[in-house]
Every structure is written in structure tokens, then in C-alpha cells.
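Right, one structure below, let's go through it.
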Amino acid sequence: MARLYFDHNATSPLRPAAREALIAALDAGNASSVHAEGRSARAKIENARGKIARHFGVRPELVVFTSGATEAANMVLRPALAGLACDRLLLGGGEHPCVVSGHGFAEAVRVALDGEGRLDLADLRAKLTGPGVPMLALQAANNETGVIQPVAEAAAFVHEAGGVVVCDAVQALGRVDCGFAATGADVLFVSSHKIGGPKGVGAAIFARRAVTPAEKLLRGGGQERGFRGGTENVAAIAGFAAAFSEVLAQGAAEMARLGALRDRIEADVLALAPEAVVFGAGAPRLQNTLAFALPGFSAETMVAALDVEGVALSSGSACSSGKVSASAVLGAMGVAPEVARCALRISLGWPNSEQEGVAFPDILAKVRQRMSQRR
Ligand code: PLP
């Protein structure tokens with residue numbers, strides 16, 4: 001059997017439509033040139049921007065292409081905005097390292113998560129009191145647990161306090177509604193490779209000009225309305241737009257199918273190992289994600305053993321894999337370190353089939369059996 005790739009929250013393979021659009025634009029001209037080659041490249045970029053802008057209901061100039069979500073987070077999490085100045089930053093307890101390390105504030109205050117991984121709204125309200133304009137960075141859904149955050153409720157409190165909400169919609173895009181109306185956010189950012197587009201491209205999307213950053217992160221030739229200098233990656237942007245169109249068209253049906261598959265895998269894992277702990281099980285979760293621990297079986301060893309058996313999944317977040325540190329997200333949820341070190345994440349995506357879901361529990365059982373003999 002071919003390998004089982006169950007790590008779509010780390011990156012999702014290129015969708016055929018994205019590959020086609022990417023390849024078709026590889027030879028594109030410089031979009032700043034006035035000749036036909038340049039105009040054709042410009043048209044591809046503006047077509048992509050238009051699609052994203054229409055979906056989010058904003059003017060095209062409020063969509064800025066970046067090299068991915070990490071760059072977008074670094075661009076937008078700044079105190080000085082075009083229409084106001086923020087004085088302090090609050091961060092959700094489960095934010096991605098690109099938010100935790102990428103912001104431009106002198107310091108940040110973390111808002112607690114509850115035991116299911118959802119933002120503690122009472123803690124947010126307490127931390128919103130005090131002088132100055134707050135900015136809250138809150139993800140729409142967590143990459144490790146799939147837990148969906150109460151962004152709209154949080155945004156209502158932040159707006160009442162005169163603040164701004166920046167939402168990391170990377171894991172939510174195409175999986176749950178992460179538009180401005182659903183989240184109440186002022187700024188959203190997304191990444192192409194999580195939805196089956198090429199890596200190295202993403203976008204920051206602003207609800208209005210007043211919340212765009214006053215300072216430009218990449219100064220240069222004035223591309224992207226001055227927000228990001230540098231010749232645009234036309235092929236990556238075109239591939240991103242193709243993946244974007246596909247998830248908009250198929251996202252709901254795809255998620256329902258993957259949700260049924262995830263539920264089946266979850267039930268099979270619990271039947272195999274009733275002591276397994278499923279993280280965020282009591283909260284709304286992305287339908288493609290299952291984070292669980294088999295207590296006593298180190299995730300590091302399990303990931304390597306499953307890899308040998310042809311299964312690609314991850315322990316904690318891929319961005320922090322390689323480092324053998326406990327998951328900060330599970331820590332913020334109050335998970336005991338000895339359980340957190342056993343945490344595995346299955347994240348499904350567009351190519352995963354029912355047969356793959358059916359095949360997995362037997363492989364897990366085999367690996368678990370082998371590991372128990374070694375203990
Ligand atoms: N935010 C979340 C929730 C993510 O899962 C990731 C990637 O793992 C990022 C941001 C960073 O995205 P990019 O790889 O486009 O920089």
C-alpha cells in the first residue's frame with residue numbers, strides 16, 4: 001500500500017489544479033513591466049487578488065500577498081496602524097510561533113486556554129481592562145488540536161475596549177468559515193500550502209485601510225502597494241488562487257467526508273486503546289484533525305516507528321518538530337507533561353481515502369504492540 005500521508009496541518013500536497021496554474025505561470029514576466037509579458041503577469045496576480053478579495057468582501061487593495069503566514073504575521077502584528085496606534089498586545093494561549101515570536105510589540109500578555117483548548121473569555125476580559133488600545137492576536141483554529149477558537153465572542157470584547165483583532169486563519173481556511181463576518185476580526189492572514197497550494201505564498205487581508213500597518217515590513221520597489229517590496233512570485237500566487245477556488249467550491253463537502261473519516265479513526269483508536277486521551281474532544285474541532293496520546297508511548301518513538309510502517313503523522317506542531325520540547329499548546333491546556341510527550345496528531349486532507357482510514361488502526365496496533373514489547 002502507498003504511504004498514508006496524515007499530516008495536512010503541516011502541509012497539504014499540491015492540488016492538481018494548483019499544480020497546473022503554477023506551472024502555467026512559471027515563465028511569467030515581471031508584473032511591474034509595462035510590456036505585454038508584464039501585463040500578462042500583472043493580470044494573473046490581480047485575478048488572484050480579486051478572487052480572494054471577493055470572497056472576503058473587501059476591496060482588492062486590502063489583500064496583500066506575502067511569502068506565507070509567517071511573513072504576514074510579522075507584517076500585521078505591529079503597534080502602529082494607518083488609522084490608530086495600539087499600545088499593548090494580547091495573545092491567545094495556543095498561538096503559532098510565527099505570532100508569538102513574530103510580533104513587533106515590546107511585550108505580549110498571554111490569555112489562558114481552558115482544558116479543552118478554547119480561549120478563556122473571562123481571562124480575556126480581565127486582561128482587556130486597563131489603559132491603552134489593545135490588539136488581540138487569536139487564531140481561528142489550532143494547528144495541533146484543531147480546536148476552533150471563539151474569535152467572534154473575543155472580538156466583541158476587544159472592540160468594546162476600542163481594540164483591534166488579528167486572526168490567524170491558516171488552519172481554518174477552507175475548513176470552517178473564517179470570513180470577517182464570522183470572526184469579527186479586523187485583519188486575517190492565510191497560507192497557501194495548508195490548502196493544497198504552493199509553499200512560500202500567503203496573504204494578509206484587511207477589513208479596512210485604518211488597520212493596515214503604518215510601517216512597511218519590506219521596503220523596496222513599492223510592489224503590493226508598498227506593503228511588500230520585491231518582484232512578485234507570480235507562479236506561486238496563481239497556484240494559491242487555484243487552490244483557493246477549489247477549497248471554496250469543494251471545502252464543505254470535502255470537510256464532511258474527512259470529518260466522517262476522522263471520527264472513524266478516532267473511534268478505532270479508542271477501541272484499540274481505551275486509555276487514549278483525545279485532546280479538545282469537548283470543544284468544536286476542525287473535522288480533519290485528531291490529536292491524541294497513548295499514555296506511556298513516547299510520541300517521538302511512535303512517529304518514527306509509524307514512519308517506517310509508511311504512515312506520516314506528527315507529534316505536536318510540525319514547525320516545532322525536530323526540537324524535543326513539550327507542546328506549549330498542550331501545556332497551556334493543562335495537559336500533564338508525561339501525557340503531552342505522547343501526543344500524536346493526525347490531520348487529514350483532500351487526497352485521503354476511506355481505505356486509508358480503515359488501514360491505519362491495524363498499523364497503529366502493530367506498532368503499539370512492538371513498542372510494548374520493548375518497554
Ligand atoms: N499559523 C498556523 C496556525 C500554522 O499552522 C502555520 C504553519 O504551520 C503558520 C501560521 C505559518 O504558516 P507559513 O508556513 O505559511 O509561514
**Request:** Sort Met255, Met371 so that the residue with the fewest other Cβ atoms within 10 Å of its own Cβ comes first and the one with the most comes last.
**Result:** Met371, Met255
**Request:** First obtain the Kirkwood hydrodynamic radius of the stretch 246-298 from its Cα pairs, then insert it into the Stokes-Einstein equation at 25 °C and 0.890 mPa s, and state the resulting D in µm² per second as a whole number.
**Result:** 201 µm²/s
**Asked** Helix 299-308 versus the longest principal axis of the chain: what angle, 0 to 90°, nearest 10, using Cα atoms?
**Response** 90 degrees
**Request:** Please give the calculated 222 nm ellipticity per residue for the chain, where each DSSP H segment of at least 4 residues contributes -39500 (n - 2.57) and the sum is spread over every residue; nearest 500 deg cm²/dmol?
**Result:** -12000 deg cm²/dmol
**Fill in**
Straight-line reach check, Lys127, cutoff 18 Å on alpha carbons, 8 or more apart in-chain or any other chain, hits among aspartates and glutamates -> Asp87, Glu95, Glu107, Asp114, Glu153, Glu160
**If the convex hull is drawn through the Cα atoms of the stretch 194-237, its volume per residue in Å³** = 90 Å³
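Run the dipole for the chain about the Cα centre, Lys and Arg Cβ at +1, Asp and Glu Cβ at -1, nothing else charged, and hand back the magnitude in debye, nearest 20.
Here the chain has a charge dipole of around 620 debye.
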**Request:** Sequence neighbours fewer than 8 away in the same chain don't count; with that in mind, list the lysines whose C-alpha is under 30 Å from Lys51.
**Result:** Lys194, Lys199, Lys216
**Message:** Cα atoms only: what Rg and Dmax, in Å, come out for the stretch 25-104?
**Reply:** 16.5, 49
**Item:** Alpha-carbon Rg with Dmax, taken over the chain, Å
**Value:** 21.0, 69
**Prompt:** Once the mean 1/r over all distinct Cα pairs of the stretch 200-349 is inverted, what Kirkwood radius in angstroms do you read off?
**Reply:** 18.6 Å
**Complete:** the stretch 112-268: spread of alpha-carbon positions along the three principal axes, whole Å, largest first, is 54, 47, 23
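Only the coordinates and a few stated rules stand behind these numbers; no lab work does. Computed from a predicted structure; not experimentally measured. Note that we place each Cβ from the backbone using ideal geometry, even for glycine, and neighbour counts take in every protein chain shown.
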